[in-house]
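Trainee: This structure is in structure tokens; I'll ask about it shortly.
The values are calculated or read from the model by the stated rules, or taken from the named source; none is laboratory data. Not measured: the values here are computed from a predicted model. No Cβ is skipped: glycine too gets one built from the backbone with ideal geometry, and neighbour counts run over all protein chains shown. Just so you know, the surface numbers come from the protein's heavy atoms only, side chains and all, with ligands and any DNA or RNA stripped out. Shrake-Rupley method; radii C 1.70, N 1.55, O 1.52, S 1.80 Å.
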Amino acid sequence: MTQLSAQELVERVLAASTADGCVAYVVESTEANLRWASNSLTTNGAMRSRQVVVVSFVDGGSGMAAGTVSRTGTPDVAELVAASEQAARDAGPAEDAVPLLAETPPGAGDWDAEPAETSIEVFSGFAPALGEAFGAARDRGDLLFGYAEHALTTTYVGTSTGLRLRHDQPTGRVELNGKSTDYSRSVWAGVGTRDFRDVSVPDLAADVERKLAWSQRRVELPAGRYETLLPPSAVSDLMLYAYWTMEARDADEGRNVFARKGGGNRIGDRLAALPLTLRSDPAAPGLETAPFQVVGSSSAAASVFDNGMATPAVDWISGGVLTNLVRPRAWALKTTAPAVAAVDNLLLEQPGATASLDDMVAATDRGLLLTTLWYIREVDPQTLLLTGLTRDGVFLVEGGEVTGAVNNFRWNESPVDLLARITEVGRTERTLPREWNDWFTRAAMPPVRVPDFNMSSVSPAS
């Protein structure tokens, strides 16, 4: 079959549809990557893919139903549309049914332009610097492992109500692991990027070198509550989990941590003792993302009926107070509350906070400095109690200096409860979540001080 452009595919799907409504979108993706181990590049590659998604809306007499079918490559349009319409007929009435949007949102993009692409050339400055880092690590007797990835996705969205939307999304990340030759010491550094022009390999390598040096002295500590400094990456992993549970319906129906005892949600309640703001903004510098929704399946956080809904900047917590929850249009109508869409970035800030993580270490009499959190799992949705492990460096701070590395721990904490207990917040900076960066890379967080972080047990992980 002749390769159709993404725009042609969308138009052919909409023309072939016999449903009461239709949304079609095509995601064109290119990706380049580098991987390395033991101070040597191991693989590099480039990939290209296409996903075609059709959502059909069918009124069977008892209410509007929605059915979604997706294919890769350039599918048979007639088969794809028929399958989507059959899926809608089989689904039954949708409880989130509302009329499809017809008003073009801000930032609709250039529909006629070719899809954006990346290539291995994105690493033209990064790769030589990485080679220099390999040489320096080899001279020190250290080993470097890791990978760098860059993807460019262009999404074309068309609807039977006349919307034609397009968005280009660059996404890049680097993870750098440093290990001793006997593998007894392991540390991590990572960064997110849009184009690799702002990635400093020397800075990442210096961070790894410093942490490996800190790890040469080993201190065993028991489980307990410790004053703990969390770097931006660890903070992002915790705040992202809180963000992903900010669903108004679950709160209104008493199923999540944002539910108010006795009924309703906690909007208006103070969650943080400090004047913290947790926000999303599709135009945030360095974290730019789509200013409209593209939805393939409905959930408490998004609805297929809301495809094309604008996603403007929103404060989730403002001045320490919960101000918004994610609310699709259908639930907004049922609760006479505003519809609020999720955005694919997240920032935590305190006005006037300027301290660096090093400044906070210097101001610590005795405590722990974490590197990353991993294997994070939910224990109790009502309190958002999470459990997980520390990873790649837990360091002891004494008298304002790092004096050694300690054993790993299992921890138990709720990010919402932590907000109320944070006693110091540093300067917000772009960071890369460690646990969640397969799904979310656009985050800016500060380092924070928690006076009593719960290290519930010693972990044998190394």
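Trainee: Given the conditions (1) of a type outside the set (Val, Ile, Thr); (2) modelled with pLDDT of 95 or more; (3) surrounded by fewer than 18 Cβ atoms within 10 Å (Cβ to Cβ), and given that Asn256 satisfies all but one, which numbered condition is not satisfied?
Mentor: Of the numbered conditions (1) of a type outside the set (Val, Ile, Thr); (2) modelled with pLDDT of 95 or more; (3) surrounded by fewer than 18 Cβ atoms within 10 Å (Cβ to Cβ), the odd one out for Asn256 is (3).
Trainee: Restricting to the range 368-406, what's the tally of residues that are over 22 Å from the mean Cα position of the chain (by Cα) and closer than 20 Å to Arg218 by Cβ?
Mentor: So the count comes out to 15.
Trainee: Restricting to the range 16-51, count the residues that are in contact with a Phe, Trp or Tyr (Cβ under 9 Å, 6 or more places away or on another chain), small (Gly, Ala, Ser) and not in a loop (DSSP other than H, G, I, E, B). Quick ask: steps written out before the conclusion?
Mentor: Just the residues of the range 16-51 that are in contact with a Phe, Trp or Tyr (Cβ under 9 Å, 6 or more places away or on another chain), to begin with: 19-28, 32-44, 51.
With small (Gly, Ala, Ser) added as a condition, the list becomes 19, 21, 24, 32, 37-38, 40.
Now drop any that are not not in a loop (DSSP other than H, G, I, E, B), which leaves 21, 24, 32, 37, 40.
Here the count works out to 5.
Trainee: Looking at the structure I just gave you, is Ser233 touching a residue at least 12 places away in the same chain (Cβ under 8 Å) and under 22 Å from the mean Cα position of the chain (by Cα)? Break it down into steps so the answer makes sense when it comes.
Mentor: Values: touching a residue at least 12 places away in the same chain (Cβ under 8 Å): yes; under 22 Å from the mean Cα position of the chain (by Cα): yes.
So Ser233 passes the test.
Trainee: State the number of residues belonging to the range 106-120 that are surrounded by 12 or more Cβ atoms within 10 Å (Cβ to Cβ) and touching a Pro at 6+ places or on another chain (Cβ under 8 Å).
Mentor: Looking only at that region, the number is 3.
Trainee: State all residues of the range 238-287 that are in a loop (DSSP other than H, G, I, E, B), hydrophobic (A, V, I, L, M, F, W, C) and touching a helix residue (DSSP H, G or I) at 6+ places or on another chain (Cβ under 6 Å); if no residue qualifies, say none.
Mentor: The first filter runs over the range 238-287 and keeps only residues in a loop (DSSP other than H, G, I, E, B), leaving 245-246, 253-258, 260-264, 266-269, 271-276, 281-287.
With hydrophobic (A, V, I, L, M, F, W, C) added as a condition, the list becomes 246, 257-258, 267, 271-274, 276, 283-284, 287.
Answer for the range 238-287, where residues must be in a loop (DSSP other than H, G, I, E, B), hydrophobic (A, V, I, L, M, F, W, C) and touching a helix residue (DSSP H, G or I) at 6+ places or on another chain (Cβ under 6 Å): Val257, Phe258, Leu271, Ala272, Ala273.
Trainee: Can you tell which of Ala102, Ala108, Ala78, Ala94 is assigned to a loop (DSSP other than H, G, I, E, B) and closer than 20 Å to Leu9 by Cβ?
Mentor: Among Ala102, Ala108, Ala78, Ala94, only Ala108 is assigned to a loop (DSSP other than H, G, I, E, B) and closer than 20 Å to Leu9 by Cβ.
Trainee: If Val54 satisfies all but one of (1) open to solvent by 50 Å² or more (accessible area, probe 1.4 Å); (2) touching a residue at least 12 places away in the same chain (Cβ under 8 Å); (3) within 22 Å of Ala94 (Cα to Cα), what's the number of the condition it fails?
Mentor: Of everything listed in (1) open to solvent by 50 Å² or more (accessible area, probe 1.4 Å); (2) touching a residue at least 12 places away in the same chain (Cβ under 8 Å); (3) within 22 Å of Ala94 (Cα to Cα), Val54 misses just condition (1).
Trainee: Then there is this: Can you report the number of residues in the range 426-462 which are part of a strand (DSSP E or B) and either within 21 Å of the chain's Cα centre (by Cα) or among the charged types (D, E, K, R) (or both)?
Mentor: Matching residues across the range 426-462 total 9.
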